[in-house]
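Only one structure is covered here, and it is reproduced in the block below.
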Amino acid sequence: MPPSSSNAIGVFDSGVGGLTVVRALMERLPFENIVYFGDTARVPYGVKSVETISHFTTQITEFLLQQNVKLLIIACNTMAAVASQVVRDLSPVPVLDVIDAGALGAIAATQQKYVGVIGTPTTINSNAYARAIHQRAPDIRVFSQACPLFVPLVEEGWLDHQVTRLTAQEYLKPVLAQNIDTLVLGCTHYPLLKPLLQEAAGSKIQLVDSAESMAEQTAGLLEKMGLANPQRSAPDYHFYVTDVPLRFQTIGERFLGRTLYNVRVVKW
Ligand code: DGL
């Protein structure tokens with residue numbers, strides 16, 4: 001049976017970070033129901049192997065498909081980088097991923113065709129952003145840098161902290177040396193560092209927030225497929241996590257910019 005337009009959008013991530021994508025979706029598509037899954041018991045994924053990430057991704061995809069979602073969004077850059085095919089092979093509903101969205105955002109933004117990408121070690125080692133950009137624009141030069149310390153710094157709430165500022169300066173040095181004009185924030189956590197990263201990169205460099213690009217792409221796809229929810233009542237939001245929700249709730253509210261309700265624990 002084809003999905004109904006009133007069904008929820010399924011969004012998933014390794015933990016709390018994908019809430020930056022949920023936030024962008026809530027702002028861009030305020031009438032869409034959303035079911036979110038954060039694998040808080042097994043986060044972080046950014047330093048795990050492709051095999052392990054693919055296994056976890058399969059479980060999450062199956063869970064969300066059982067909730068009858070009309071669309072799946074891979075909000076985690078690391079999962080999108082190494083396991084998006086796993087999701088596409090399993091899913092009868094359309095699948096969008098943040099890497100594709102970020103790549104499209106970068107192609108639209110760059111003038112000089114020199115793009116920097118920052119992300120977790122697994123995302124950067126996979127070269128997925130460069131592939132996604134080169135598929136559509138082979139003449140763009142892509143320079144990547146893994147920034148493993150950013151995820152814990154953001155979760156610590158050090159969004160405007162000297163330690164984070166120095167860390168950013170250090171990480172960005174090699175990509176800035178390549179005269180990039182665009183920098184892709186290739187990790188769920190990095191949109192929270194936008195002001196600090198803009199300061200470290202300089203005002204001439206355009207930051208591409210893959211969460212915002214994803215919300216734009218989602219709106220376009222729902223419209224095209226006739227799956228946009230026509231109802232104009234307040235939507236339902238449900239959040240599933242795999243570990244006690246306390247930390248998810250505290251940190252999540254910062255990511256989401258609003259109070260988190262309806263958080264439930266899934267035991268596997
Ligand atoms: N969600 C991950 C990403 O966007 C960051 C957190 C993790 O390493 O699991 O790459």
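Figures for the structure shown
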| quantity | calculated |
| --- | --- |
| Any hit, the stretch 65-75, residues being touching a helix residue (DSSP H, G or I) at 6+ places or on another chain (Cβ under 8 Å), part of a helix (DSSP H, G or I) and not acidic (Asp, Glu) | yes |
| Residue within the stretch 253-267 that is buried (at least 20 other Cβ atoms within 10 Å of the Cβ), of a type outside the set (A, V, I, L, M) and farther than 22 Å from Ile107 by Cα present | yes |
| Restricting the stretch 11-38 to residues that are away from the ligand (no atom under 16 Å from the Cβ) and in a helix (DSSP H, G or I), the residue that is surrounded by the fewest Cβ atoms within 10 Å (Cβ to Cβ) | Glu27 |
| Test set (1) among the hydrophobic types (A, V, I, L, M, F, W, C); (2) modelled with pLDDT of 95 or more; (3) under 26 Å from Ala201 (Cα atoms); (4) surrounded by fewer than 23 Cβ atoms within 10 Å (Cβ to Cβ) - Val47 fails condition number | (2) |
| Options Thr78, Thr61: the member that is outside any strand (DSSP E or B), under 26 Å from Phe239 (Cβ atoms), among the polar types (S, T, N, Q) and in contact with a Phe, Trp or Tyr (Cβ under 6 Å, 6 or more places away or on another chain) | Thr78 |
| Of all residues making up the stretch 205-241, the number that are out of contact with any helix residue (DSSP H, G or I) (no Cβ under 9 Å at 6 or more places or on another chain) and touching a residue at least 60 places away in the same chain (Cβ under 8 Å) | 10 |
| Total residues in the stretch 50-102, condition more than 13 Å from the ligand (Cβ to nearest atom) and touching a residue at least 24 places away in the same chain (Cβ under 8 Å) | 25 |
| Set Pro191, Pro174, Pro195: member being in contact with an Asp or Glu (Cβ under 9 Å, 6 or more places away or on another chain) and surrounded by fewer than 20 Cβ atoms within 10 Å (Cβ to Cβ) | Pro195 |
| Residue selected from the stretch 106-127 under the condition more than 14 Å from the ligand (Cβ to nearest atom) and surrounded by 24 or more Cβ atoms within 10 Å (Cβ to Cβ), by the criterion nearest to Phe143 (Cα to Cα) | Gly116 |
| Criterion violated by Tyr129 - all others in (1) modelled with pLDDT under 95; (2) under 18 Å from Gln217 (Cα atoms) satisfied | (1) |
| Residue under evaluation Ala41, criteria (1) within 15 Å of the ligand (Cβ to nearest atom); (2) modelled with pLDDT under 95; (3) among the hydrophobic types (A, V, I, L, M, F, W, C), criterion not met | (2) |
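The values are calculated or read from the model by the stated rules, or taken from the named source; none is laboratory data. This one's a predicted model, so the numbers in the text were calculated from it and none came from an experiment. Note that each Cβ is placed from the backbone with ideal geometry, even for glycine, and that neighbours are counted across all protein chains shown.
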